[in-house]
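Undergrad: Right, I'll just put the structure down here and ask away after.
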Amino acid sequence: MHGRPRKAPKPEDEAASAAKAQKLRALQTQFFSFHHDQIYTKEAVELSAKLLEINPESYTAWNYRKLAVEHYLSQPECDPDSVKSVLDDELKVVESALRQNFKSYGAWHHRKWVLSKGHSSINHELRLLDKFQKADSRNFHAWNYRRFVAELMNRSEQDELKYTEDMIYTNFSNYSAWHNRSVLLSALLEKKAEGFLLKENVLPEEYEFIHQAIFTDPDDQSGWFYNLWLLDQTVTTDSPLLVSTWPTCGSDVLIMGDGCQNGSFSPFTTLLSDSGSFPIILYFNQPVEGVNSSTVTIECGFDKNGYLHWEPLSVSNSQAAQVWVAHLKFPTPELDSSVEVRVGHSKGIISTRGFQYCHPSTFSFNVHVQHVERDSFQVSVAESILWREENFKIYRAQSEESIPIASFDQLCIKNGHESTASNWRTEALAKEIECFRELLSLMDCKIGKLTLARLLMAYDAMSFPFATKLVHSEEVLELYNDLMKLDPTHHRYYKDEHSLVLLQKMTSSKESLLQHCFQYKDSVSSVIGNLICLRLNNLSLSRIGAFEKLLWVQMLDLSHNELQSIEGLEAMQLLSWLGLGNNKLGSVTALEPLRKLKSLRVLDISYNQIGDHSIDTTRYLCSSPLSHSVGSELNKDETAIIDAALVNYLEAFYMLKDLNLNQLDIVGNTIADETFKSALVKIMPTLKRLDGKVLD
Amino acid sequence: MEDIPPYPPIDPTTFDLIVIGTGLPESIIAAAASTASKSVLHLDPNPFYGSHFSSLPLADLPSFLSTHSTSPSPPRPRSSEGSNEFSVLDLSTRPLYSSIDISVFSPDLLDQNSRKFNLDVAGPRAFFCADKSIELILNTGANQYMEFKSIDATFVGDNKGNLLNVPDSRAAIFKDKSLGLMEKNQLMMFFKLVQGHMAGEQDVKISDEDLQSPFVDFLNKMGLPPKIKSFILYAIAMADYDQEDTGVCRDLLKTKDGIDQLALYNASIGRFQNASGALLYPIYGQGELSQAFCRRAAVKGCIYVLRMPVTELLVDKDSGCYKGVRLASGQDIFSQKLILDPTFKVTLPSGLSPPPPLQAKLPFFSQKDDRGRIARGICITMTSLKPDMSNFLVVYPPRSLFPEQATSIRLLQIASNLAVCPLGMFVLYISALCNDDDQGKKLIHAVMNTLLTVPPINSESNAAVQSETAESGCAVQDENAESSSTGPSDPGEGKPTLLWSALYNQELTLGQVDFICSTPMPDGKLNHDDLIDAAIKLFKKIYPEDEFFPQTSSENPEDDGDGDDDVSLET
């Protein structure tokens, strides 16, 4: 069934298929006329059977037969015996169609339809399936149908598991069988069936089992896929966890203040805001739904009603997101108050897989609002930012400064139960790591290296839940470097993973993070002088991550990397200054996450590849504004601005128009010619500087 | 044989070829010659097909063996003298079996069922699904006359009676419980190397230097652990001699040959849909194979006469060239060519001088194989050696049973579902190459003692055993009836109890072409491929112009089409 080369048809075959087509056309014409006239006589029904025997893909014919059966069943003279015989006839037609092509969706579907009428013998179905699954053990239609039949006849999962195991023993290169095993095990674990009470007892046996397949034939992918499922089962905790927040627990936040004049506040927690509110950000370990003012409550001196509108930060517009944000308004220009946020004390936060958030946690912080003259604020954010090397000075931390990452573990979400429960997970991972190290000592195996890299990262993340130390990151980076050389076809994927690990490593400790913290100082600016710029430039990053540790960043330099996407950047709600110059961003739609960054004022996307390619490939990765339901559309006036020659760039205007920028650098992109730029100036009224030139 | 029923005289009296003996090589040659439109007369002194390759009822086996273990009684008075043109040469039999030891522990039980047995004289034997024999059976249409069943598994045995599963395929390696993960990986990598090499993949090509080196050196070079090495050498490549002891090894396997064997094994697994393993066994026993070729020959016009001893050869007085044979019925039949069963010895009747060209060649009998002899054993039990499994092969690699064991011993258990024995019984065939009778006995006994409970009966002479066991027969029977109902629960060690055994030593001979041709005796291999090669070689020698079973498109018009490229397999 598999691995058979396709042969060129012989002349006589072609003649035969032409004759078949002729016959088929005649049948079809006749059939359509019966169907059209709703004729359900014996003759007409038999004709459809003949048609389906030759061409099981004829959906219309299957539907016609359904209508014919319904028609017959509605007749007054119809008794139970004849119902059964009519339905049995249907099963026979399906069977002969399946003999012709047993991957016919229509035929399998029709069979399900007949079976769900409940008049047919199910035992016969199992026998038939045995036959089909013997002929082609991987046919997923048959496996799907098997699950349907097993459910219909209430066959126990244990019996099906045994059957699946036998199929695996016959030939373990069987994705369908492994998949069925994962489905059955999930069901048994969920039911807490006898012998399947605890994951920690079931999974080690499964690891043992899959190792037999992987070690016997590491080149066979089916085993690795099952292994990946097991790894996922081991690593993912069922209930979602809150992994980081902004402001962090116990922090002092200075808002709108003139930071450089007040030495007692850390530049890490000084925020410039011109909107009379500040964001509260919740970062979970997996996408969740149901974050709202009843599941997350706040208590503070200045907002008595405690109502907050929580917004999911996801570009896909779904109701589930890993990051949620709410904006807390402060009523007076000057304020000193403490805020307490309580997450998950009432039920309602649910992971996309349906698990409740069950680690209620509380964090509190102090807010100090200082008044700054509106005018001077306006000026200060409008000041030109030059992403020049000499403008950055490495930041020297003052003695006991609280860097947000240092306070991650202050989140009260760890408790005794969770840590004992994950012992078996750590053990399982340690065993797996040992096992695959051994395999790799024997042979060079790409997927083995990839699995080891994943295992090591999972192990690090698990043994240090709030990652203050990543013991294996060097080894993992080395593995990805190897993989890039070994398997150039998937270079981009490995590069992305490499970048993510690198970022996790850099953000994993205070010391390593501080090496990337700089103070921006140029000859003229004053207000932002005490702010920290996180510089992750020149690291050849192709992807960015570790956002949970970067929520505090307001000024970020990602220039001189190899970024093609900035997916996930929407989590960094505090960003006001963003440097993305000299990367590989290929289209304006790649900037989609920026639309969620309401405080962004200064953006550098110079020297990228926007406009290089006529086809925007990111469109398939993240949804384009054209397919958006939200987001403003260009109004008539705006359309008028856009030159006919720029019609191809409509998307770019949609995207950039919504960004509230004061300063934009776009030079060095194919798209950025003079006509484009002059249209851009008109469509972005807030813009004060474009490519370094002050606008009128 | 004393009272040969009167036969009508054979007509015609002249043939292209006369073949005496219906063993496998003779039957193949008869079928091939008939297919090449030769007129063939195929004779056998026995009342059954197969000669030394036959499958016989229990009672007939001892007599067959003993007939061929002694020199015949002095030649009977000649029926007639040679004519003016011919000299007459005596055709007598020569001893091929020695040290025959039949032990009967349960006479009643077996007597009742004697006809239900089909015991292979040349066991243990099996087919690889992809070997030459199966190809030949398919090409010649002999598959129409045979049915096969798959042998369930291969095991490697040790001196404690354990049977270790041989991980001989990807699925078997995956399933195996005794191999470690690393061993699984190494073994599968080695299999892949062989597959890649056979498929001609450039990057996995095994170098010529390696191919010419001993296989065992190559396995060492690949870093395979001893256990896996032993599996590959003896249970998959089926090496006969200890490959790691050059002192005793008379047949050092080269890497090339080892790889070929592995490739054959690999191609055999999964070749036929109903066959789970690499090996097949014919229903009703190995004797069916010779018979199938005889039938094939008969379809092409070969004339068969069984129970027809041939007493003399007729040779040209002057040239010494073969002319014909004189049958026990007294009739003289002439032919161009003659093929003789290895049983026969050609001598000059006393007091006569041979034609000059034959002087140096007489007496004529087929040459001994320098591999010496083969010890064979047949055991009958009521319980399987392995519960829940009927038909399987067990290999005891050299030195696995005792330190001096220089050759591997193979054991094939066949159950009643292959129609070789009554329901509920099992036949065990054992064989090993040996230098002499004592060594052979020691090898066979080593296996029997490891696996079976041998009732304490002295088997000095058959008569004594039979009479001694006559009284205790009932008891034995009861015990076995009990044990068969409660599964393998022999009191004591739980080993199956021996009901009957036949141990014998067989001479190995080679095929030969001289003024007459002679075929080889059954060899020491598990399958028939070497014998088929020998038959082809003989055929080519006598008929260099003719093709050996030419491929024809529609050999059997009545054939239903899909039987052509498949053997009939019972599931």
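The values are calculated or read from the model by the stated rules, or taken from the named source; none is laboratory data. Given the structure is predicted, the values throughout are model-derived calculations rather than measurements. A quick note on method: Cβ atoms are made from the backbone with ideal geometry, for glycine too, and the neighbour counts reach across all protein chains shown.
Undergrad: Those residues that are surrounded by fewer than 17 Cβ atoms within 10 Å (Cβ to Cβ) and modelled with pLDDT of 90 or more, I need them from the range A:97-108; list them, please. First the steps, then the outcome.
TA: Applying the first criterion (surrounded by fewer than 17 Cβ atoms within 10 Å (Cβ to Cβ)) to the range A:97-108 yields A:99-101, A:103, A:105.
Result: A:Y105, single match.
Undergrad: Quick check on my filter: what residues within the range B:361-378 are hydrophobic (A, V, I, L, M, F, W, C) and under 18 Å from the mean Cα position of the chain (by Cα)? Talk me through it step by step, then tell me what you get.
TA: Let us first name the residues in the range B:361-378 that are hydrophobic (A, V, I, L, M, F, W, C), namely B:362, B:364-365, B:374-375, B:378.
Residues satisfying the conditions are B:I374, B:A375, B:I378.
Undergrad: So for the range A:159-178 (the condition being of a type outside the set (G, A, S), outside any helix (DSSP H, G or I) and surrounded by 19 or more Cβ atoms within 10 Å (Cβ to Cβ)), does at least one residue qualify? Full working, then the answer.
TA: To start, the set of residues in the range A:159-178 that are of a type outside the set (G, A, S) comprises A:159-172, A:174-175, A:178.
Pick out the ones that are also outside any helix (DSSP H, G or I) and you get A:171-172, A:174.
The next check asks that each one be surrounded by 19 or more Cβ atoms within 10 Å (Cβ to Cβ); those that pass are A:172, A:174.
There is at least one residue in the range A:159-178 that is of a type outside the set (G, A, S), outside any helix (DSSP H, G or I) and surrounded by 19 or more Cβ atoms within 10 Å (Cβ to Cβ).
Undergrad: Here's a check for you: in the range B:155-173, which residue that is in a loop (DSSP other than H, G, I, E, B) and over 10 Å from B:F231 (Cβ atoms) is nearest to the other protein chains (Cβ to nearest Cβ)?
TA: Per the criteria, the residue is B:S169.
Undergrad: Moving on to the next point. Checking the structure you have, find out if any residue of the range A:182-190 is within 14 Å of another protein chain (Cβ to nearest Cβ), buried (at least 20 other Cβ atoms within 10 Å of the Cβ) and within 25 Å of A:C435 (Cα to Cα). Can you show your working first?
TA: Kept after step one, since they are within 14 Å of another protein chain (Cβ to nearest Cβ), are these residues of the range A:182-190: none.
No; the residues of the range A:182-190 include none that is within 14 Å of another protein chain (Cβ to nearest Cβ), buried (at least 20 other Cβ atoms within 10 Å of the Cβ) and within 25 Å of A:C435 (Cα to Cα).
Undergrad: I would also like to ask the following. Here are the criteria: (1) under 19 Å from B:A267 (Cα atoms); (2) more than 29 Å from the chain's Cα centre (by Cα); (3) away from chain A (no Cβ under 12 Å); (4) part of a helix (DSSP H, G or I). Tell me which single one B:D217 does not satisfy.
TA: So the condition that B:D217 fails would be (1).
Undergrad: Moving to a separate point now. Kindly provide the set of residues from the range B:331-351 that are surrounded by fewer than 21 Cβ atoms within 10 Å (Cβ to Cβ) and part of a loop (DSSP other than H, G, I, E, B), ordered by number.
TA: B:Q331, B:L348, B:P349, B:S350, B:G351 - these are the residues of the range B:331-351 that are surrounded by fewer than 21 Cβ atoms within 10 Å (Cβ to Cβ) and part of a loop (DSSP other than H, G, I, E, B).
Undergrad: Okay, moving on. Sort through B:A328, B:A292 and tell me the only one that's small (G, A, S) and buried (at least 20 other Cβ atoms within 10 Å of the Cβ). Show your work before the answer.
TA: Numbers: B:A328 fails: buried (at least 20 other Cβ atoms within 10 Å of the Cβ).
Result: B:A292 is the single residue among B:A328, B:A292 that is small (G, A, S) and buried (at least 20 other Cβ atoms within 10 Å of the Cβ).
Undergrad: Does the range B:106-123 contain at least one residue that is of a type in the set (S, T, Y), over 30 Å from A:L440 (Cα atoms), out of contact with any Asp or Glu (no Cβ under 9 Å at 6 or more places or on another chain) and away from chain A (no Cβ under 14 Å)?
TA: So the first thing to find is which residues in the range B:106-123 are of a type in the set (S, T, Y), and the list is B:106, B:114.
Next, from what is left, pick out any that are over 30 Å from A:L440 (Cα atoms): B:106, B:114.
Next cut, out of contact with any Asp or Glu (no Cβ under 9 Å at 6 or more places or on another chain) only: B:106.
When the remaining residues are screened for being away from chain A (no Cβ under 14 Å), the result is B:106.
Checking the range B:106-123: at least one residue is of a type in the set (S, T, Y), over 30 Å from A:L440 (Cα atoms), out of contact with any Asp or Glu (no Cβ under 9 Å at 6 or more places or on another chain) and away from chain A (no Cβ under 14 Å).
Undergrad: Do any helices (runs of 4 or more DSSP H) lying entirely in the range A:473-590 carry at least 1 residues that are surrounded by 22 or more Cβ atoms within 10 Å (Cβ to Cβ), and which ones are they? Reasoning before the result, please.
TA: Working: elements: A:473-486, A:491-506, A:510-514.
In the range A:473-590, A:473-486, A:491-506 are the helices (runs of 4 or more DSSP H) which contain 1 or more residues that are surrounded by 22 or more Cβ atoms within 10 Å (Cβ to Cβ).
Undergrad: Every residue in the range A:142-181 that is within 14 Å of chain B (Cβ to nearest Cβ), among the aromatic types (F, W, Y) and within 22 Å of A:L98 (Cα to Cα), please. Give the steps one after another, and end with the answer.
TA: The initial filter retains those residues of the range A:142-181 that are within 14 Å of chain B (Cβ to nearest Cβ), namely A:165-174, A:177-178.
Next cut, among the aromatic types (F, W, Y) only: A:169, A:172, A:178.
Result: no residue meets the conditions.
Undergrad: Could you pull out the residue among B:D176, B:D152 that is within 13 Å of chain A (Cβ to nearest Cβ) and under 29 Å from B:N449 (Cα atoms)? Before you say what the answer is, go through the steps one by one.
TA: Details: B:D152 fails: within 13 Å of chain A (Cβ to nearest Cβ).
When all the criteria are applied, what remains is B:D176.
Undergrad: When you scan the range B:501-521, how many residues do you find that are assigned to a strand (DSSP E or B) and closer than 26 Å to B:S319 by Cβ? Full working, then the answer.
TA: Applying the first criterion (assigned to a strand (DSSP E or B)) to the range B:501-521 yields B:501-509, B:512-513, B:517-518.
Checking which are closer than 26 Å to B:S319 by Cβ leaves us with B:512-513, B:517-518.
Looking only at that region, the number is 4.
Undergrad: Somewhere in the range B:141-151, is a residue surrounded by 15 or more Cβ atoms within 10 Å (Cβ to Cβ), in contact with a helix residue (DSSP H, G or I) (Cβ under 9 Å, 6 or more places away or on another chain) and free of Cβ contacts under 8 Å to residues at least 40 places away in the same chain?
TA: Keep residues of the range B:141-151 that are surrounded by 15 or more Cβ atoms within 10 Å (Cβ to Cβ), which gives B:141-151.
Next, only the ones that are in contact with a helix residue (DSSP H, G or I) (Cβ under 9 Å, 6 or more places away or on another chain) stay: B:141-149.
Now narrow it down to the ones that are free of Cβ contacts under 8 Å to residues at least 40 places away in the same chain: none.
Within the range B:141-151 (the criterion being surrounded by 15 or more Cβ atoms within 10 Å (Cβ to Cβ), in contact with a helix residue (DSSP H, G or I) (Cβ under 9 Å, 6 or more places away or on another chain) and free of Cβ contacts under 8 Å to residues at least 40 places away in the same chain), the answer is no, since none of the residues qualifies.
Undergrad: Further question on the same structure: Could you please give the count of residues in the range B:179-188 that are part of a helix (DSSP H, G or I) and either more than 7 Å from chain A (Cβ to nearest Cβ) or of a type in the set (F, W, Y) (or both)? Working first, answer last.
TA: Keep residues of the range B:179-188 that are part of a helix (DSSP H, G or I), which gives B:181-188.
Narrowing the set further to residues that are either more than 7 Å from chain A (Cβ to nearest Cβ) or of a type in the set (F, W, Y) (or both) leaves B:183, B:186-187.
Qualifying residue count for the region: 3.
Undergrad: Same structure again: Only one residue in B:A199, B:A235 is among the hydrophobic types (A, V, I, L, M, F, W, C), out of contact with any helix residue (DSSP H, G or I) (no Cβ under 9 Å at 6 or more places or on another chain), free of Cβ contacts under 8 Å to residues at least 24 places away in the same chain and more than 12 Å from every other protein chain (Cβ to nearest Cβ), so which one is that?
TA: Working: B:A235 fails: free of Cβ contacts under 8 Å to residues at least 24 places away in the same chain.
Answer to the selection: B:A199.
Undergrad: Taking A:E194 as meeting all but one of (1) more than 14 Å from every other protein chain (Cβ to nearest Cβ); (2) over 21 Å from A:M457 (Cα atoms); (3) part of a helix (DSSP H, G or I), write down the number of the exception.
TA: (3) is the only condition that A:E194 fails.
Undergrad: Can you work out which of the residues in the range B:308-330 that are of a type in the set (S, T, Y) and outside any loop (DSSP other than H, G, I, E, B) is farthest from B:L43 (Cα to Cα)?
TA: If we filter the range B:308-330 for residues that are of a type in the set (S, T, Y), which is where we start, we get B:311, B:319, B:322, B:329.
Subset that is outside any loop (DSSP other than H, G, I, E, B): B:311, B:322.
Numbers: B:T311: 12, B:Y322: 17 Å.
This residue is B:Y322.
Undergrad: Next question. State whether one or more residues within the range A:598-610 are modelled with pLDDT of 90 or more and more than 24 Å from A:T686 (Cα to Cα).
TA: yes
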